[in-house]
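What follows is one structure encoded as structure tokens, with my remarks underneath.
The values are calculated or read from the model by the stated rules, or taken from the named source; none is laboratory data. This one's a predicted model, so the numbers in the text were calculated from it and none came from an experiment. Cβ sites come from the backbone with ideal geometry, for glycine too, and all protein chains shown count toward neighbours.
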Amino acid sequence: MPYPLSLYWGLNSYNFFNIPALSFGKIRMSYGTTGNDQIGDYQYLDSWASAGFPYGGVSGLAPARVYNPDYGWEVNKKFEAAIDLGFMDDKLLISAGYYNNRSSNQLVGYTLSSQSGFTEYTANLPAKVQNSGVEIDISSTNVNNGNFQWNTSFNMSIPKNKLLSYPGLESSSDAASYEVGQSIRMIKGYHFTGVDPATGNPMFLDVNKDGFYTEDDDYIVIGQTMPKFFGGLSNTISYKNLTLDIFFQFVKQEAPLLDYGPLVGTIGSRINKTTDVLGYWNGYGEQTEIPRPTTTTTEDAYKLFRNQYRYSDAAWGDASYIRLKNVAISYDLSKLTQAWKMQGTTIYVQGENLVTFTKYKGLDPEINGFDRRFVYPINPFGSVKSPKLPVLRTLTIGLKFSL
Amino acid sequence: MQHNNKYFAFLLISFIAIPFFGCKKYVEIPPPENQLVTENAFSDDRTADATMAGVYSIMNAYNYQFGNVLSSFMPAFGADEFHYAFSTSSFDEFKNNSLTPDNSYIRSFWESSYSFIYHANAVIEGLQKSTGVSEAMKNQLMGEAKFVRGFCYFYLANRFGDVPLILNTDYKVNTSMPRTEKAKVMDAVVADFSDAQTLLSDNYISTERIRPNKAAATTMLARTYLFLGKWNEAATEATKVINNPKYHLLDNLNNVFLKNSEEAIWQLQSVNKSTAGVNTWEGFNLVPFSPTGRAYYNLYNELVNAFEPGDARFANWTKSYVTGGKTYYFPYKYKIRTATPVQEYTMVIRFAELYLIRAEALTQQNKLDEARADLDVIRERAELSDLAVDLNKDQILAAVAQERRVELFAEWGHRWFDLIRTGKAVEVLKPIKPDITVNDLVYPIPRSAMRTNPALTQNEGYN
């Protein structure tokens, strides 16, 4: 049941601060508790569904869902506070907000170990998760004198995530995935410490120094799947009939590299790798960061690659980028075409995704590579993306009429 | 202001809504119309029967499933039976006995086994609560469910060692259950097959031999006792099936793997409709496209050489092709890659095994003459001469191993499990698999299972 509460205070009506440059001001705040009805009906009942092909003339049935009588509302507590300010007759508008959403009892596809017969069921997760962050919007009219106009707008989000509590986490199927106090978007893995010059095998941090690399003992937090911040910068400049729009996008984030995940073949197998692998270990004593190539399943290099390397920070890294997302130049021909009774005629050239500045060693940083769906731990909170085409660079030339 | 109005409306609605949510009596909700809930699934014989038919359908629906390639090819790669003619890492890991916990076939085997176990447990619980299912049907389905559960645990325990022993559908408890000692799992296997033996009837529920009956349960019980070294029990159970007039060894070896052959105790019907003309997935993989073409799977020379001269099984159950001046052999028990109508079904349990079980059990009890007689039954069908009458116990045990090797090759991992249970695996396989160690005889627990259940431990030699 929702219990929303909302307050706002318009500063201008009181002229409280009495700052001449301040043309507008508002503080707003809201708090509310909501549930979620985006769930299917009868999800608590165990049911049977067709097993596919008939067997011996009988249309077979198979368990489709487990019985879950403890099925309840999820609870989202949302808090938001923001300040909106306008300066110099609203030529400069600044809006800054803070939000803090706490979700508990979330209905998710809760992970089960396959030995239970299913790999997940819809259930209330006992965890309490906090999503908080700051959002900033700035827009300004830099120049506005008849023929020449220049507007700039800028926005930025700084999201944060934290697992506040999770009773029984240690013995749950999420034990390997989450830590209280950490982000639920953290990624654990081995810490790659280099290549042994004598053997060419990769080496990792053996946290408990027992001489073996095991997930339970030697995993550390190697990264986050949630961006640190992201935003955009847009400029619109027009002179008479000519308009230029330029939009930049920026994201500070980490992501799996090409070598990350359970489907990645060893160095030396017939799959695509970055050209970095050409610096592979090639003989006794060589100092390199790239392990020895192998396709022989019995070799240590093979096992270390499959069991450790592709789950280590050697295969995880920075995927920040700045992208020139959109550039458009348009010319308004309306005056020329008025004679033909056409109200608006515009000719334009538009380019998308023209330039990207990034050090990411993967495919496209905007979708974080095709292996994103294998990011471990697979996150029940919906961050897992399915493989899809990288964003395309497009160039459009057009002529627009309106009658 | 727009924003504000919206919240005010919410505020208003919430105050109006509260009194309604506060009512004392819950609304009774009828069961869903477009979903079959458990209570209804066990309301009559027809739908109850469908719950078991579903298990077999899923087991064999597609390529690389529990009911076909997963169970018969992977252990054959790991032993000295046959191997993939090309190289692919997930197959190579079996061939080279260098499995990693990520291996997709290992994971698939684990997950499908436990999914059938849940399915069987759900049938058992559904039947226990049911009032609408007839007594006869209840016994049949309960027997089948226990059989399937025992069958899955038999293979799980022999592949992975200690495994979680899950005997109900309480998934919230089961998801974090630790591994149970292999010996206890095998006790549960014996209990399930014994119950199934009591509950199932001699007749098959259908006209075909595609659903387990009493003889199937008895055969699995005999095999389980053999694996446990309970020789007397193994021989006793084997005898029950050997004396059953429903089953015969066929003189013509080429007819053994046909559907509903008199040698079949349990077969899986071909249900697939996705790939045209598939009879068995084994045949689909093993038999080349063209009669003279190359095969994808080649027998190890060790197996080729293991056949005695004149063994009719070599002539009828293997086939050769020549490429690059070299002759290669492949398993040819199933002869059909694709053909309609369907003539072959996947053989899961067949009659010949019972003579071999009894021969070994009798030898272990020093009943050498009787044991030799059983082996000679198998040898005569293969057009081989009888064993020499003066063989000692060790020699007869060696003859049993030899006969099992050439009789049961390429079927359900018999060779792999035989090498392990007789303690000979490393010694026998070392010449062709130089890296093999005792750790490789137990498969790794899949990484996905380890990650989702902190109570699981990994087998020695894997990480």
If B:D195 satisfies all but one of (1) more than 11 Å from chain A (Cβ to nearest Cβ); (2) closer than 19 Å to A:V58 by Cβ, what's the number of the condition it fails? (2)
Among the residues of region B:451-463, how many are at the interface with chain A (Cβ under 8 Å from one of its Cβ atoms), within 24 Å of the chain's Cα centre (by Cα) and within 23 Å of B:V426 (Cβ to Cβ)? 1
For region A:263-304, enumerate the residues that are within 14 Å of chain B (Cβ to nearest Cβ) and aliphatic (A, V, I, L, M). A:L263, A:V264, A:I267, A:I271, A:A301, A:L304
Is region B:432-450 home to any residue that is away from chain A (no Cβ under 14 Å), in a loop (DSSP other than H, G, I, E, B) and closer than 30 Å to A:D217 by Cβ? yes
Do the conditions hold for B:A425, that is, is it modelled with pLDDT of 95 or more and not acidic (D, E)? yes
Conditions (1) touching a residue at least 12 places away in the same chain (Cβ under 8 Å); (2) within 23 Å of B:Y64 (Cβ to Cβ); (3) part of a loop (DSSP other than H, G, I, E, B); number of the one not met by B:F284: (3)
Taking region B:163-181 and keeping only residues that are more than 12 Å from chain A (Cβ to nearest Cβ) and either surrounded by 17 or more Cβ atoms within 10 Å (Cβ to Cβ) or hydroxyl-bearing (S, T, Y) (or both), one is left with none
Subset tally (residues that are acidic (D, E) and either more than 9 Å from every other protein chain (Cβ to nearest Cβ) or surrounded by fewer than 15 Cβ atoms within 10 Å (Cβ to Cβ) (or both)) for region A:159-181: 2
Restricting region A:182-194 to residues that are within 14 Å of chain B (Cβ to nearest Cβ) and within 20 Å of the chain's Cα centre (by Cα), which is farthest from B:A455 (Cα to Cα)? A:I187
For A:V221, only one of the following conditions fails: (1) under 27 Å from B:T88 (Cα atoms); (2) touching a strand residue (DSSP E or B) at 6+ places or on another chain (Cβ under 7 Å); (3) surrounded by fewer than 18 Cβ atoms within 10 Å (Cβ to Cβ). What is its number? (1)
Just to be sure I understand the filter: pairs with C-beta atoms under 6 Å, separated by 6 or more residues or on different chains, first member in region A:147-165 and farther than 30 Å from A:Y331 by Cβ, second member surrounded by 15 or more Cβ atoms within 10 Å (Cβ to Cβ) and among the acidic types (D, E). Which pairs pass? A:S157/A:E135
Test: residue in region A:34-49 that is more than 28 Å from B:K172 (Cβ to Cβ) and at pLDDT 85 or above: no
Can you work out which of the residues in region A:120-146 that are more than 14 Å from chain B (Cβ to nearest Cβ) and aliphatic (A, V, I, L, M) is surrounded by the fewest Cβ atoms within 10 Å (Cβ to Cβ)? A:V143
Scan B:L375, B:L419, B:L391 and give me the residue that is more than 30 Å from A:S113 (Cβ to Cβ), modelled with pLDDT of 95 or more, more than 14 Å from every other protein chain (Cβ to nearest Cβ) and in a loop (DSSP other than H, G, I, E, B). B:L391
Among the numbered criteria (1) surrounded by fewer than 24 Cβ atoms within 10 Å (Cβ to Cβ); (2) in contact with a Pro (Cβ under 7 Å, 6 or more places away or on another chain), which one does B:I106 miss? (1)
What number goes with the only condition from (1) in contact (Cβ under 8 Å) with a residue 24 or more places away in the chain; (2) within 14 Å of another protein chain (Cβ to nearest Cβ); (3) at negative phi that A:G117 does not pass? (3)
Got a sec? Which helices (runs of 4 or more DSSP H) wholly within region B:29-97 have at least 1 residues that are under 20 Å from B:L299 (Cβ atoms), out of contact with any Leu (no Cβ under 6 Å at 6 or more places or on another chain) and facing chain A (nearest Cβ under 9 Å)? B:89-95
Set A:G72, A:G97: member being within 14 Å of another protein chain (Cβ to nearest Cβ), under 29 Å from A:D41 (Cα atoms) and among the small types (G, A, S): A:G72
Specify which of the listed residues (A:K359, A:K335) is within 21 Å of A:F248 (Cα to Cα) and not β-branched (V, I, T). A:K359
Write out, first by first residue and then by second, each pair whose Cβ atoms fall under 7 Å of each other, whose residues are 6+ apart or on separate chains, and whose first residue, in region B:332-354, is more than 30 Å from B:N243 (Cβ to Cβ) while the second is aliphatic (A, V, I, L, M). B:K335/B:V287; B:I336/B:V287; B:R337/B:V287; B:T338/B:A276; B:T338/B:V278
Taking the stated definitions as given, is A:A82 over 23 Å from B:S115 (Cα atoms), within 11 Å of another protein chain (Cβ to nearest Cβ) and among the aliphatic types (A, V, I, L, M)? yes
Which of the residues spanning region B:305-332 are modelled with pLDDT of 95 or more, more than 30 Å from B:Q269 (Cα to Cα) and aliphatic (A, V, I, L, M)? B:A306
How many of the residues making up region B:98-114 are facing chain A (nearest Cβ under 8 Å) and within 14 Å of the chain's Cα centre (by Cα)? 3
